[in-house]
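Written below as C-alpha cells is the structure these notes are about.
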Amino acid sequence: MRQTKMGMLHALYADNPACTNAEACELLGIDSQMLRTMKNRLKNQGYIHVEDNGEVTILKPYTRGVSTPNNFKADVYYEMVDAYMEDFRQQSTFNDRLAVGREIRLILEKL
C-alpha cells in the first residue's frame with residue numbers, strides 16, 4: 001500500500017532528525033505551509049517532539065499510514081483533503097479558491 005505524506009515525513013525524521021524544513025519540502029515535494037501543517041499534526045498526535053534547535057525526536061512509530069479495511073476510506077479522504085488544501089493555498093483568484101473550497105467541503109461532509 002502507498003504510504004501517506006505524513007508517514008513519509010515521519011520516516012524522514014526517523015532517518016534524519018536534523019533535517020531542515022527546506023530539505024523536507026524538497027524531498028517530499030510539498031510547500032512549506034503543508035510541511036508546517038503536517039509537522040504540527042505529528043507533534044500534536046504525539047508522534048514527534050521538536051527540540052529548540054529544530055531537531056526532531058521520534059516518540060512512537062507512525063501507524064496511521066497502515067490502513068485496515070475499516071479506516072482505509074477515511075485515510076483516502078484525509079489524503080485528498082491534504083492535496084486539495086495545498087491546491088487551495090496556491091489559487092490566486094477568489095473564484096478559484098471558491099471552487100477548490102467547495103470540493104474540500106464535499107469531502108469533509110463524507111468524513
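All of the numbers you see were taken from the coordinates with simple rules; none came from a lab. Predicted model, so just to flag it, every value in this text is computed and none were measured. FYI the Cβ positions are ideal-geometry reconstructions off the backbone, even for glycines, and counts take in every protein chain you see.
Things worth noting here:
- 19 Å Cα cut-off, lysine pairs counted over the chain (separation 8 or more, or different chains): 7
- Think of it as helices only: each DSSP H run of n ≥ 4 in the chain is worth -39500 (n - 2.57), and spread over all residues that comes to -19500 deg cm²/dmol at 222 nm.
- The ellipsoid equivalent to the alpha-carbon distribution of the chain has semi-axes of 26, 19, 11 angstrom, derived from the gyration tensor eigenvalues as √(5λ) and listed largest first.
- Cβ-Cβ FRET estimate between Lys60 and Asn16, R0 fixed at 25 Å, reported to 0.05: 0.90
- Net lengthening on full extension, Asn53/Glu26 (0.36 nm per residue, minus Cα-Cα): 7.7 nm
- Remark on the stretch 5-58: hydrodynamic radius 10.8 angstrom, per the Kirkwood mean of 1/r across alpha carbon pairs.
- The chain, relative contact order [Cα under 8 Å, separation at least 6], %: 23 percent
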